[in-house]
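Report on the following structure.
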Amino acid sequence: MLLKQLRYFVTASKLGSFTEAALECGVSQSAVSQQIKALENELGVELVVRRGRGFSLTAAGELVCARGEMLLREAEALCRDARAAAESRSRIRTGYLRCFGGEELHLAVAEFAEKRPDLSITTVRGCHEELYDLLRFGGADIVVSDQRRAFSGEYVNFVLAECGCWAEFSGRSSLAALNGHVEIEELAKIPCILAAPAEQRENEIFFYKNTLGIQSPFFFAESIEEGRLMAAGNDGYLLVEYAAIRPRIAALLRLPIYSGSSPVLRSYCAFWKKTNGRAEFYEFAETLRKIFNIA
């Protein structure tokens with residue numbers, strides 16, 4: 001039984017007309033009639049009772065119409081999923097933090113692309129909760145983010161490195177007089193600039209204030225680039241998280257943030273669903289880990 005035959009029959013049954021079914025399917029009326037007749041021959045039952053220009057469904061026709069409609073939906077879903085699977089095998093959709101200020105991801109993408117020219121990598125930025133939702137609902141294959149929750153058994157939790165939090169600021173800032181590092185207490189009266197969308201700002205404030213101990217007033221930017229412009233204008237300091245490799249930004253100075261005698265550190269991981277695990281995810285994560293841990 002051909003899906004084309006079933007589609008013509010279901011369409012004609014729903015519309016109650018071979019003529020309208022032919023217009024809907026973009027074929028001639030005789031083609032619809034011939035294919036329905038071929039379907040009857042294959043099944044060995046009569047599906048329609050023809051009366052002049054009209055017809056009615058037999059009991060078998062009613063059954064085939066109802067079941068056939070479900071089969072056609074399943075076939076469409078199968079085709080759609082097959083195309084999606086073929087596309088996903090040729091690319092890795094990667095999410096990373098808006099506040100990530102290093103070059104590790106860029107270097108990893110470049111190195112991985114050289115090793116695996118058969119794969120393309122697309123990237124999207126988001127705050128922690130945005131990345132989590134992308135992973136949960138299929139908007140990303142793998143995300144690079146800091147660890148804010150206990151590890152879940154539903155995901156591969158691939159630890160990359162421990163990274164410091166840094167303050168980027170203008171040379172006109174009072175922070176410019178400091179050397180070596182800046183203590184959290186010294187930041188309390190200076191606005192902290194975070195890269196986060198409006199709907200996630202309360203979550204970000206809660207995390208940085210209650211988990212990391214940042215007591216500054218908070219300003220927000222939509223992206224790290226906008227945040228750096230604000231910092232360059234001496235509107236506050238931009239809080240960024242990055243590892244060993246940091247981009248050179250002539251207009252800004254930077255210092256690691258300390259709490260007491262210890263740097264404020266965040267664990268960075270690559271996360272992906274175990275049910276969606278592919279060998280290339282591990283390859284890409286290993287490339288990331290190597291670059292994150294460059295001394």
In segment 185-270, which trypsin sites (Lys or Arg not before Pro) fall in coil by DSSP and have 13 or fewer other Cβ atoms within 10 Å? Lys189, Arg248
With bins 5 Å wide starting at 0, give me the P(r) of the chain over every alpha carbon pair, in whole percents. 1, 5, 10, 12, 12, 9, 7, 6, 5, 5, 5, 5, 5, 4, 4, 3, 1, 1, 0, 0
Rounded to 0.05, the calculated FRET efficiency for the beta carbons of Glu154 and Tyr282 at R₀ = 22 Å is 0.80
Sticking with the crude label model, points 7 Å out along Cα→Cβ, report the distance from Val49 to Lys4 in nm, one decimal please. 3.1 nm
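Please report the carbon-and-sulfur percent of the accessible area for the chain; probe 1.4 Å, protein heavy atoms only, DNA, RNA and ligands left out.
Exposed carbon and sulfur together represent 53 percent of the surface.
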How about Lys189: which lysines have a C-alpha closer than 24 Å to its C-alpha, ignoring those fewer than 8 places off in the same chain? Lys209
Among DSSP bridges having both ends in segment 93-239, what percentage is antiparallel? Round to the nearest 5. 10 percent
With the 1.4 Å probe rolled over protein heavy atoms, the chain has an accessible area per residue in Å² of 51 Å²
Please list, or write none, the lysines whose alpha carbon is within less than 29 Å of the alpha carbon of Lys274, excluding same-chain residues fewer than 8 places away. Lys115, Lys290
Nearest-0.05 FRET efficiency for Cys25 and Phe206, computed from C-beta distance (R0 35 Å): 0.05
Candidate aspartates and glutamates for bridging to Lys14, where Cα separation is under 14 Å - those fewer than 8 sequence places away on the same chain excluded: Glu24, Glu62, Glu69
Pull up all non-local amide H partners of Val124: gap of 5 or more, or a different chain, and H-to-H distance under 5 Å with H placed in the peptide plane. Thr94, Gly95, Tyr96
If I model a spin label as a point 7 Å beyond the Cα along the Cα-Cβ vector, how far apart are those points for Arg116 and Ala66 in nm? 4.8 nm
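The values are calculated or read from the model by the stated rules, or taken from the named source; none is laboratory data. Fair warning: this is a prediction, and the values are worked out from it, not measured in the lab. No Cβ is skipped: glycine too gets one built from the backbone with ideal geometry, and neighbour counts run over all protein chains shown. Heads up: the accessible areas ignore ligands, DNA and RNA and are worked out on the full protein's heavy atoms, side chains in. Shrake-Rupley method; radii C 1.70, N 1.55, O 1.52, S 1.80 Å.
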